[in-house]
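Visitor: Here you go, one structure.
The values are calculated or read from the model by the stated rules, or taken from the named source; none is laboratory data. Since the model is a prediction, treat every value here as computed from it, not as a measurement. Cβ placement follows ideal geometry from the backbone for every residue including glycine, while neighbour counts extend to all protein chains displayed. Just the protein is used for accessible areas: all its heavy atoms, side chains included, with ligands, DNA and RNA removed. Shrake-Rupley method; radii C 1.70, N 1.55, O 1.52, S 1.80 Å.
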Amino acid sequence: MADLIRLTAAELAARVAAGDVSAVEVAEAHLARIDAVDEKVHAFLHVDREGALAQARAVDEKRANGEPLGPLAGVPLALKDIFTTEGVPTTVGSKILEGWIPPYDATVTKRLKAAGVVILGKTNMDEFAMGSSTENSAFGPTGNPWDLTRIPGGSGGGSAASLASFQAPLAIGTDTGGSIRQPAAVTGTVGVKPTYGGVSRYGMVAFSSSLDQGGPCARTVLDAALLHEVIAGHDPLDSTSIDASVPPVVEAARTGSVAGLRVGVVREFRGEGFQQGVLNRFDESVELLRGLGATIVELSCPSFDKALAAYYLIAPSECSSNLARFDAMRYGLRVGDDGTRSAEEVTSLTRESGFGPEVKRRIMLGTYALSSGYYDAYYGSAQKVRTLVARDFDRAFAQVDVVVSPTTPTTAFPIGERVDDPMAMYLADLCTIPVNLAGNAAMSLPCGLADEDGLPVGLQIIAPALADDRLYRVGAAVEAEFQARWGHPILEEAPAL
Ligand code: GLN
């Protein structure tokens, strides 16, 4: 039983389909693991024991009746607490939504349930997905399973930590500037930000709508692909959802290869602020790709240097508009409604006590950037930089099939180290943010441990929009080669909890 939690999603699904184990047994093994370790890790904000067991029973019944099962039927999953779940709390890591029970499922939630995926619960995150460490959660931080005194990345630290501590074989994250890839990098797991519009945003609480993208998190490239296929595809309920067929991600993950591929290395993705051990693992990854038959091309993307600044105008601007809906009238928290105060006063008291400092900082920044007289200077200029970043990628992809970089400049930093230094925190996303600005697809996968601290390092692979399958083709080849060298999956190096 104990080793059920160590199996991949693909293996678990095969065992359930073959009748070697029931979906209920699989769910129970993972719930027991949560009971055993989550007090230390704090990956979950809410565990839905009843719901999970009911979903698992439904899979077992289907199988008993000889009905066809989907490729992930009976596999447990940890869902970031930013997706609405009918009848199950959804907080976005914020006090302002505490106690709110959504009356509907997000499209992602709906698709997971339809596929027979068993949702174990909702994972911890930075409030409204703003952060890189999960320390901005109103409900306390999550520990990195490699070292509980360090951050698991953010904003999706709960999802990544649940995978790395074997509480779930699959998880869902969202990535506005790096919140799937950076947690994957610092926990030794795999995370994919699909092409913008590839996965529906319906029922995903909005932070910055033109950047937000849900995506799969897993411990292997194939598992991420299987999950990607379940959640992706056109949704008429999301006006920015792409009306095109899902790229063949599973097939790509099963046929990993890089022979003949042109791989770009961007000069701007290194230098000051990069930890030497991260650069060492990255340089080895480039050599590994060369050894597997790829052609390495050095590129320059000069606008990337301004991407972080543009992001921190665009994302707060959109957030200031999106978060206006939390007015104490519609959802969750309401403070000061004692019959003596006006609606405006109640709204302002509620927002004052319901939002944390980082969310307030961004609302103020965004409101300022969008205000009349400043709009052109700030928001307008940021949009121009965004176009330049997209053009740099266009030029790059005219020469290469994929671009690679370190996912993050450093490994997991200690909890508390950057929490009072927003600029230092923002720098964690230096290499991931350009991808969101341009709307293309990217993956982070483990490429080894840093020399200085023995902590995981992530390799980022970036593909053009709608070519998500390339991430999986390259990722699977790299993963196979690394695992052959290490002799085991990287998480086996992590200390026992
Ligand atoms: N760390 C970035 C931010 O705080 C990205 C967050 C995300 O991708 N949701 O905005």
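Visitor: For the chain, report the accessible area per residue in Å² (1.4 Å probe, heavy atoms, rounded to an integer). Walk me through the numbers before you get to the answer.
Guide: Working: 17830 Å² over 497 residues.
Averaged over the residues of the chain, the accessible area is 36 Å².
Visitor: I've got another one for you. For segment 137-205, what are the per-bin percents of Cα-Cα distances with bins 10 Å wide, up to the bin holding the maximum?
Guide: Bin by bin from 0 Å, the calculated values are 22, 52, 23, 3.
Visitor: Another question about this same structure. State whether segment 407-454 is rounded, prolate or oblate according to the following rule on the C-alpha gyration tensor (a ≥ b ≥ c being the square roots of its eigenvalues): a/c under 1.5 gives rounded; otherwise a/b larger than b/c gives prolate, and the remaining case gives oblate. All intermediate terms of the calculation are to be shown ahead of the outcome.
Guide: Details: a/c = 3.27, a/b = 1.19, b/c = 2.74.
Oblate shape, in that a/c is at least 1.5 and b/c is the bigger or equal ratio.
Visitor: Could you estimate the translational diffusion coefficient of segment 278-327 from the Stokes-Einstein equation, with Rh from the Kirkwood formula over C-alpha pairs, at 37 °C and 0.692 mPa s, in whole µm²/s?
Guide: Details: Rh = 14.6 Å.
Rounded, D is 225 µm²/s.
Visitor: Counting Lys and Arg as +1 and Asp and Glu as -1, what is the net charge of the other residues whose Cβ lies under 13 Å from the Cβ of L261?
Guide: Numbers: positive: R262, R290, R470, R473; negative: D401, D469.
Net of charged neighbours comes to +2.
Visitor: While we're on this one: So, taking all protein chains as they sit and a 1.4 Å probe, how much accessible area belongs to S137, in Å² rounded to tens?
Guide: About 10 Å², ignoring ligands and nucleic acids.
Visitor: In whole percent, what relative contact order does segment 416-497 give with Cα contacts below 8 Å and a gap of six or more residues? Before the final figure, lay out each step's value.
Guide: Details: 70 pairs, mean separation 17.8, N = 82.
That works out to 22 percent.
Visitor: For segment 344-398, go through all pairs of different Cα atoms, get the mean of 1/r, take its inverse, and jot down that Kirkwood value in Å.
Guide: 13.7 Å
Visitor: Okay, next question. Rounded, prolate or oblate: which fits segment 1-126, taking a ≥ b ≥ c as square roots of the Cα gyration tensor eigenvalues, rounded meaning a/c under 1.5, else prolate when a/b beats b/c? Show your work: numbers first, answer last.
Guide: Numbers: a/c = 2.43, a/b = 1.47, b/c = 1.65.
Since a/c reaches 1.5 but b/c is at least a/b, the shape of segment 1-126 is classed as oblate.
Visitor: Using a 1.4 Å probe on the protein heavy atoms only, what accessible surface does M204 show? Give it in Å² to the nearest 10.
Guide: Looks like 20 Å² after rounding.
Visitor: Using the per-residue mean of other Cβ atoms lying within 10 Å as a proxy for protection, in what order, highest first, do the peptides 463-476, 33-46 fall? It would help to have the intermediate numbers written out before the result.
Guide: Values: 463-476: 24.2, 33-46: 19.6.
Going from most to least packed, we get 463-476, 33-46.
Visitor: Run the helix sum for the chain: -39,500 (n - 2.57) per DSSP H stretch of 4+ residues, divided by residue count, reported at 222 nm to the nearest 500 deg cm²/dmol.
Guide: Numbers: 16 runs with 191 residues, N = 497.
The helix contribution divided over the chain gives -12000 deg cm²/dmol.
Visitor: Counting residues in the chain as N, plug N into 2.2 N^0.38 Å and put the Cα Rg over that result. The partial results should precede the final answer.
Guide: Details: Rg = 21.4 Å, N = 497, 2.2 N^0.38 = 23.3 Å.
Rounded to two decimals, the normalised Rg is 0.92.
Visitor: With unit charges on the beta carbons (Lys and Arg positive, Asp and Glu negative) and the dipole taken about the Cα centre of the chain, which residue among M204, A185, A218 sits farthest to the positive side?
Guide: M204
Visitor: Mind checking which aspartates and glutamates have their Cα closer than 14 Å to the Cα of K193? Skip sequence neighbours fewer than 8 apart in that chain.
Guide: Once the sequence-local aspartates and glutamates are set aside, what remains near K193 is D175, D212, E229, D429, D468, D469.
Visitor: Taking all protein chains in place and a 1.4 Å probe, what share, in percent, of the accessible surface of segment 292-417 do carbon and sulfur account for?
Guide: Working: 3210 of 6020 Å².
The C+S portion of the solvent-accessible surface of segment 292-417 is 53 percent.
Visitor: With helices defined as uninterrupted DSSP H runs, which ones in the chain have an alpha carbon span along their own long axis of at least 20 Å and mean Kyte-Doolittle hydropathy of at least -1.0?
Guide: Working: long enough: 23-41 (26 Å, 0.26); 49-64 (22 Å, -0.92); 276-291 (22 Å, -0.34); 307-322 (22 Å, 0.51); 381-399 (28 Å, -0.42); 468-486 (27 Å, -0.60).
Helices meeting the criterion: 23-41, 49-64, 276-291, 307-322, 381-399, 468-486.
Visitor: Moving on. Whenever you get a sec, line up W100, W146, W486 from highest to lowest accessible area (probe 1.4 Å, protein heavy atoms). Don't skip to the end; give the middle numbers.
Guide: Details: W100 40, W146 20, W486 75 Å².
Putting W100, W146, W486 in descending order of accessible area: W486, W100, W146.
Visitor: Same structure again: By accessible area of protein heavy atoms, probe 1.4 Å, what ranking do R361, R290 get, highest first?
Guide: On the way: R361 95, R290 115 Å².
The ordering from most to least exposed comes out as R290, R361.
Visitor: To two decimal places, what compactness ratio does segment 144-282 give when its Cα radius of gyration is scaled by 2.2 N^0.38 Å? Intermediate values should be presented prior to the final figure.
Guide: Numbers: Rg = 16.0 Å, N = 139, 2.2 N^0.38 = 14.3 Å.
In units of the globular-protein estimate, segment 144-282 measures up at 1.12.
Visitor: Which whole-percent values make up P(r) of segment 239-398 when all C-alpha to C-alpha distances are grouped in 10 Å steps starting at zero?
Guide: Percent of pairs per bin, in order: 9, 20, 25, 22, 15, 7, 2, 0.
Visitor: Just to be sure I follow: if Rg is taken over the C-alpha atoms of segment 100-140 and Rh is the Kirkwood radius over the same atoms, what is Rg/Rh? Walk me through the intermediate numbers first.
Guide: Details: Rg = 13.0 Å, Rh = 12.1 Å.
We get a ratio of 1.07 for segment 100-140.
Visitor: Tell me the net charge near A232. Cut-off is 10 Å between Cβ atoms, A232 excluded, with +1 for each Lys or Arg and -1 for each Asp or Glu. Could you put the intermediate results ahead of the total?
Guide: Values: positive: R111; negative: E229, D235, D468.
Summing Lys/Arg as +1 and Asp/Glu as -1 gives -2.
Visitor: With +1 on each Lys and Arg Cβ and -1 on each Asp and Glu Cβ, how big is the dipole of the chain about its Cα centre, in debye rounded to the nearest 20? Kindly include the intermediate steps, with their values, before the conclusion.
Guide: Details: 42 positive and 61 negative charges, 151 e Å.
Around 720 debye, computed over the chain.
Visitor: Net charge within 9 Å of R351 by Cβ-Cβ distance, Lys/Arg positive one each and Asp/Glu negative one each, not counting R351 itself? Before the final figure, lay out the partial values.
Guide: Values: positive: K360; negative: D327, E352.
Once positives and negatives cancel, what remains is -1.
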